Amino acid sequence: MTVVDPRPLTGEPVSLDLLNTRWNDEGVRQDLLTDVEGLAVWLAANGLAERFGADATTLRHTLAARDALAALADHPGDPAATARVDAVLGHGRIRATLTAEGPGEEAEFADQAWGPGWTAARDYLDLLRTAPDRIRACAHEACILHFFDTSRNGTRRWCSMAVCGNRAKASRHYARTKES
């Protein structure tokens, strides 16, 4: 049986997708990672299910990575948040390899259970290296989702124009008509 991913925003880079395992639905906080089944859904959605198992230890370490990334996303540059992400990164490393296809890299972990969380933290470093100003939280006050702005001019404000963008427009329209 295949479980459907219930999250409203998927397909973001793995670090932001991990943050987006928490979301608000009609004002109620939802969390995909309350159990190993939810972890299995997230691993599959990010192409990690073949490399990492969904078990209690992996869930615990992935939640620690999510909390560290959330602290950093909410408070960029904060030394405590930076130290938390760095601690997650301390559980893995990149080993240079030479394959038949040429030079490569392979992630190594002393404890495989840190793999998904480490992978997300490493991805966040790549986003910071690429375009830190494009890592965004949705501008809607009731939304807690994050996205990587890939729009041409870099002005995306909403996780989804269809959901949060329309809510904001409707709210502004309502306020204008109420004043009239």
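Go through the residues of region 96-109 one by one and say whether even a single one is free of Cβ contacts under 8 Å to residues at least 40 places away in the same chain, under 16 Å from the mean Cα position of the chain (by Cα), at negative phi and surrounded by 13 or more Cβ atoms within 10 Å (Cβ to Cβ).
There is no residue in region 96-109 that is free of Cβ contacts under 8 Å to residues at least 40 places away in the same chain, under 16 Å from the mean Cα position of the chain (by Cα), at negative phi and surrounded by 13 or more Cβ atoms within 10 Å (Cβ to Cβ).
Considering only residues that are loosely packed, with under 13 Cβ neighbours inside 10 Å and either without any contact (Cβ under 8 Å) to a residue 12 or more places away in the chain or acidic (Asp, Glu) (or both), which ones fall in region 65-82?
Once the filter is applied, which keeps residues that are loosely packed, with under 13 Cβ neighbours inside 10 Å and either without any contact (Cβ under 8 Å) to a residue 12 or more places away in the chain or acidic (Asp, Glu) (or both), region 65-82 yields HIS75, GLY77, ASP78, PRO79, ALA80.
Does region 114-150 hold any residues that are over 26 Å from PHE52 (Cα atoms), part of a helix (DSSP H, G or I) and touching a Phe, Trp or Tyr at 6+ places or on another chain (Cβ under 6 Å), and which are they?
Of everything in region 114-150, just one residue is over 26 Å from PHE52 (Cα atoms), part of a helix (DSSP H, G or I) and touching a Phe, Trp or Tyr at 6+ places or on another chain (Cβ under 6 Å), namely ARG134.
Name the one entry in LEU145, LEU128 that is in contact (Cβ under 8 Å) with a residue 24 or more places away in the chain, surrounded by 13 or more Cβ atoms within 10 Å (Cβ to Cβ) and of a type outside the set (Gly, Ala, Ser).
LEU145
Within the set of pairs 6+ apart or on separate chains, which have a first residue in region 11-33 that is of a type in the set (Ser, Thr, Tyr), a second that is part of a strand (DSSP E or B), and C-beta atoms under 7 Å apart?
THR21/ASP31
Coordinate-derived values only; no laboratory data. This is a predicted model, so every value here is computed, not measured. Using ideal geometry, Cβ is built from the backbone for each residue, glycine included, and neighbour counts are taken over all protein chains shown.
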